[in-house]
Amino acid sequence: MISLYCRTHHVGEGALCAACADLLAYAQARLDACPFAGHKTTCARCLVHCYKPAMREQIREVMRYAGPRMLLHHPVLAVLHLLDGLRS
Ligand SMILES: [Zn+2]
């Protein structure tokens with residue numbers, strides 16, 4: 001999703017820009033530290049908001065853009081994510 005966003009808003013095709021690479025590394029670190037591990041719902045529905053505010057705002061912007069586009073680019077992942085969101 002970060003790639004989709006960065007491609008349109010920042011560098012075009014290819015690698016992520018520095019800011020998006022930082023955001024991706026941060027998101028992966030938060031996921032690795034997630035206390036709910038494999039049983040988690042989607043981050044948007046989580047009771048624990050573990051992102052620091054600046055990163056949270058960035059990832060929300062990415063999700064707002066890339067979320068609807070995921071249905072076109074990665075339909076299976078998009079449906080699995082929607083199903084994850086049904087979990088409490
Ligand atoms: Zn970028």
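The values are calculated or read from the model by the stated rules, or taken from the named source; none is laboratory data. These figures come from a predicted structure and were not determined experimentally. Note that each Cβ is placed from the backbone with ideal geometry, even for glycine, and that neighbours are counted across all protein chains shown. Note: accessible area is taken over every heavy atom of the protein model, side chains too, but ligands, DNA and RNA are not part of it. Shrake-Rupley method; radii C 1.70, N 1.55, O 1.52, S 1.80 Å.
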Hey, any hits in the range 28-46 for a residue that's in contact with a Leu (Cβ under 7 Å, 6 or more places away or on another chain) and at pLDDT below 95? no
Please go through the range 1-32 and pick out each residue that is open to solvent by 60 Å² or more (accessible area, probe 1.4 Å) and among the aliphatic types (A, V, I, L, M). Met1, Val11, Ala15, Ala18, Leu24, Leu31
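Every residue, every condition in (1) away from the ligand (no atom under 16 Å from the Cβ); (2) closer than 16 Å to Arg60 by Cα; (3) assigned to a loop (DSSP other than H, G, I, E, B), yes or no:
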| site | (1), (2), (3) |
| --- | --- |
| Cys6 | no, yes, no |
| Tyr26 | no, yes, no |
| Cys34 | yes, no, yes |
| Ala44 | yes, yes, no |
Tally the residues that are of a type in the set (A, V, I, L, M, F, W, C), in contact (Cβ under 8 Å) with a residue 24 or more places away in the chain and open to solvent by 90 Å² or more (accessible area, probe 1.4 Å), restricting the search to the range 33-69. 1
Output for the range 46-59, where each listed residue is within 16 Å of the ligand (Cβ to nearest atom) and of a type in the set (A, V, I, L, M): Ala54, Met55, Ile59
Identity of the residue in the range 8-24, of a type in the set (A, V, I, L, M) and in a helix (DSSP H, G or I), that ends up farthest from the ligand (Cβ to nearest atom): Leu24
Restricting the first residue to the range 5-32 and requiring it to be closer than 20 Å to His73 by Cβ, which pairs with a second residue that is open to solvent by less than 70 Å² (accessible area, probe 1.4 Å) and more than 8 Å from the ligand (Cβ to nearest atom) meet a Cβ separation below 6 Å and a spacing of at least six or different chains? Tyr5/Val62; Tyr5/Tyr65; Tyr5/Ala66
Residues located in the range 70-81, provided they are open to solvent by 70 Å² or more (accessible area, probe 1.4 Å), under 16 Å from Ile2 (Cβ atoms) and free of Cβ contacts under 8 Å to residues at least 24 places away in the same chain: His74, Leu77
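Go through the range 38-47 residue by residue and tally those that are aliphatic (A, V, I, L, M) and within 16 Å of Leu83 (Cα to Cα). Even if it seems obvious, please write down each step before you answer.
Quick first cut of the range 38-47, residues aliphatic (A, V, I, L, M) only: 44, 47.
Narrowing the set further to residues that are within 16 Å of Leu83 (Cα to Cα) leaves 44.
Total meeting the criteria: 1.
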